[in-house]
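Below: one structure, written as structure tokens.
Just so you know, all these numbers are worked out from the coordinates, no wet-lab data involved. Here the structure is a predicted model, which is why all the values come from computation and not from measurement. Cβ placement follows ideal geometry from the backbone for every residue including glycine, while neighbour counts extend to all protein chains displayed.
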């Protein structure tokens with residue numbers, strides 16, 4: 001199984017590193033201990049990307065990897081607006097919801113809209129992004145996560161947990177999906 | 001105000017990037033909009049550090065910056081055990097709880113123990129680390145966060161939120177502390 005985390009310059013740190021870390025835990029024996037094939041890649045247009053807060057990281061591969069992935073997770077952040085307007089970025093993401101599990105958080109949801117993946121569907125996003133979502137023709141639902149078949153959207157940075165768990169549930173089973181959430185839970189919570 | 005996030009090779013991604021991003025939001029007008037002086041630095045022994053999952057980032061400065069900071073946040077991760085046994089690492093962290101706000105998450109708490117900052121006090125940590133904590137002579141409390149004066153410990157990755165909010169409350173006020181938590185809350189939660 002290969003999960004591609006789609007990112008861009010100006011990503012929000014939590015929205016990338018929370019799902020990244022949770023996906024990483026799937027194969028970690030201390031956490032979910034999934035023994036099947038498992039690979040997670042951060043993919044971007046450029047080989048190095050910088051978060052909105054100034055953290056630079058190297059991408060593992062190009063955006064084109066997303067088209068061959070089993071699951072795709074689109075991150076969020078102020079940089080999503082520039083990515084949206086970049087035909088080369090959008091063109092690389094010809095995702096196929098009939099065979100791929102696809103998730104997006106907050107303003108990353110706008111990228112799914114642009115790709116036509118939410119046509120006729122509802123979605124959630126970050127509170128300050130609801131107006132943009134509706135202006136693009138998608139009906140908003142004020143929920144942490146909205147799922148339509150193989151496509152899920154999340155609203156509020158901490159909903160990245162629910163999205164990541166949903167993706168893992170489909171690719172590695174319910175036990176792994178639960179285990180990764182338990183591995184980050186507050187003690188005594 | 002200067003917050004130093006103390007890190008090391010083998011840090012847990014969520015435990016560094018969650019507080020880092022939350023601290024960043026304090027000065028962001030979209031979130032807390034704090035207008036006072038505000039600076040956040042990731043400090044480590046080496047100029048580049050790599051997380052347990054393989055994410056490499058550049059540190060902003062050396063560990064010695066922690067001694068002059070207003071607040072210090074010690075991250076967690078498998079690499080904490082090597083840091084604990086490294087006299088050069090520990091020696092650089094001569095923190096002063098009489099004038100500094102000090103927090104640590106999960107196995108980062110063991111570093112506070114090593115520094116003598118939890119002598120005679122209780123603390124929390126990650127569930128699998130409680131035995132190590134008690135073996136070092138600190139009584140464990142199974143809570144998300146345990147505060148003693150200027151020193152706080154957190155247990156479970158998501159308790160980084162509570163710790164970060166506690167630090168921000170002391171340095172930038174209660175409104176900012178609330179605002180950063182609200183800025184990452186799940187929609188409709």
**Report entry** Contact order normalised by residue count of the range B:1-79, Cα under 8 Å, 6+ apart, percent
**Finding:** 48
Query raised in the report: Taking the label point 7 Å from Cα in the Cβ direction, how far apart in nm is residue B:88 from each other copy of itself, listed shortest first?
Result: 4.3
Report summary line: Rounded to the nearest 10 degrees, the helix A:160-172 long axis (Cα) sits at an angle to the longest Cα principal axis of chain A of 60
Query raised in the report: According to the square roots a ≥ b ≥ c of the eigenvalues of the Cα gyration tensor, what is the shape class of the range B:101-189, taking rounded for a/c under 1.5, prolate for a/b larger than b/c otherwise, and oblate for the remainder?
Result: oblate
Requested in this report: Using only the Cα atoms of the range A:145-189, build the gyration tensor, take square roots of its eigenvalues as a ≥ b ≥ c, and label the shape rounded, prolate or oblate: rounded if a/c is under 1.5, else prolate if a/b is larger than b/c, else oblate.
Outcome: oblate
Report summary line: Inter-chain shielding metric for B:158-164, i.e. average beta-carbon neighbours from other chains within 10 angstrom, reads 3
Query raised in the report: So how much slack lies between residue B:46 and residue B:82, counting 0.36 nm per residue of separation and subtracting their Cα-Cα distance, in nm?
Result: 11.6 nm
**Report entry** For the range B:52-127: relative contact order, % (alpha-carbon pairs under 8 angstrom, 6 or more apart)
**Finding:** 34
Query - Relative contact order (%) - criterion: Cα under 8 Å, at least six apart; region: chain B - result: 22
Query - For peptides B:87-98, B:105-116, sequence by mean Cβ density within 10 Å, most packed first - result: B:105-116, B:87-98
Requested in this report: Would you kindly give the portion of the calculated P(r) for the range B:20-155 that falls above 21 Å, as a percent of all Cα pairs?
Outcome: 43
Report summary line: Partner shielding of A:176-187, taken as the mean number of other chain Cβ atoms within 10 Å, equals 5
Requested in this report: Mind jotting down the distance between the C-alpha centroids of the range B:46-83 and the range A:132-189, whole Å?
Outcome: 30
